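The values are calculated or read from the model by the stated rules, or taken from the named source; none is laboratory data. Model, not experiment: these values are computed from the prediction. Note: ideal-geometry Cβ built from the backbone for every residue, glycine included; neighbour counts use all protein chains shown.
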Amino acid sequence: MSEQLETIKNSIEKIKNKDFGIYFFTLDTKGNPTAGVATIYEHVKKLRSLGYNAQILHDKNDYKLREDEEGMGIAEWLGEEYATLPHISIESQQLQVGPQDFVIIPEAFASVMKQTKDFPCKRVVFLQAYEYIFEMLEIGEGWEQFNIRDVITTNKNLSDYARSIFRGINVEEIPVGIPEYFTNSDKPKYLQSLCRLEIRESY
């Protein structure tokens, strides 16, 4: 019991001192711009500016950060400042988490929720869209079965929907903010890469 109390005290102290990791799992889009991934990067960038050890967590070592012969990377469609954020892969087996750490998992990745079920840290679902909730869930499965009780989402509709389908979860609403690249100006605002992507997909 004394050892458990000491572990709890140490974890609380680390949280107070911002001595803990926040790992946002994301998909390797292979250079294809997506709003969901951009939002995750924006969260990591902002948290790091506030002094937190936030990092991008991905599956494979060959995560596409920069352009090659096969196309764009994160640096080209999102920006170099996002490509230089700390990244860590599950494949590298360098991820070490403790009770004070957090792993943030997008709603589509039930497989990652299963893989991390026995992690000693807090795991949180980041819910951005209805359509991907059941993407990798088997019939009868729910997030609570993977020991996940906490959800972050972007609006009340998603919050209400999550509560209606999963029992006993805690949902926190964090509205999507306006990125810093939209500054006060008389000129029209454009997100160039995403606009080009939408134009290509329309043909």
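Key figures for this structure:
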quantity: Some residue of segment 93-105 being surrounded by 21 or more Cβ atoms within 10 Å (Cβ to Cβ) and of a type in the set (S, T, N, Q); calculated: yes
quantity: Those residues of segment 13-36 which are in a helix (DSSP H, G or I) and in contact (Cβ under 8 Å) with a residue 40 or more places away in the chain, in sequence order; calculated: Lys14, Ile15, Ala35, Gly36
quantity: Matching option when the condition is without any contact (Cβ under 8 Å) to a residue 40 or more places away in the chain, crowded, with 18+ Cβ neighbours inside 10 Å and not polar (S, T, N, Q), among Ile40, Ile56; calculated: Ile56
quantity: Candidate set from segment 27-73 (those that are more than 15 Å from the chain's Cα centre (by Cα) and aliphatic (A, V, I, L, M)); member that is farthest from Arg123 (Cα to Cα); calculated: Met72
quantity: Per-region count, segment 101-158, residues closer than 21 Å to Glu173 by Cα and either touching a His at 6+ places or on another chain (Cβ under 6 Å) or not in a loop (DSSP other than H, G, I, E, B) (or both); calculated: 25
quantity: In segment 64-91, the residues that are more than 11 Å from Thr29 (Cβ to Cβ) and in contact with a Phe, Trp or Tyr (Cβ under 6 Å, 6 or more places away or on another chain); calculated: Tyr82
quantity: Filter pass, Thr7 being in a loop (DSSP other than H, G, I, E, B) and β-branched (Val, Ile, Thr); calculated: no
quantity: Per-region count, segment 51-77, residues modelled with pLDDT under 95, in a loop (DSSP other than H, G, I, E, B) and farther than 21 Å from Glu107 by Cβ; calculated: 10
quantity: Residue check, Thr34 among the β-branched types (Val, Ile, Thr), surrounded by fewer than 16 Cβ atoms within 10 Å (Cβ to Cβ) and modelled with pLDDT under 95; calculated: yes
quantity: Leading residue by the ranking (farthest from Thr34 (Cα to Cα)) among those in segment 84-100 that are part of a loop (DSSP other than H, G, I, E, B) and touching a Leu at 6+ places or on another chain (Cβ under 9 Å); calculated: Leu95
quantity: Flag if Thr84 is at pLDDT 95 or above and either under 30 Å from Gly140 (Cβ atoms) or buried (at least 19 other Cβ atoms within 10 Å of the Cβ) (or both); calculated: no
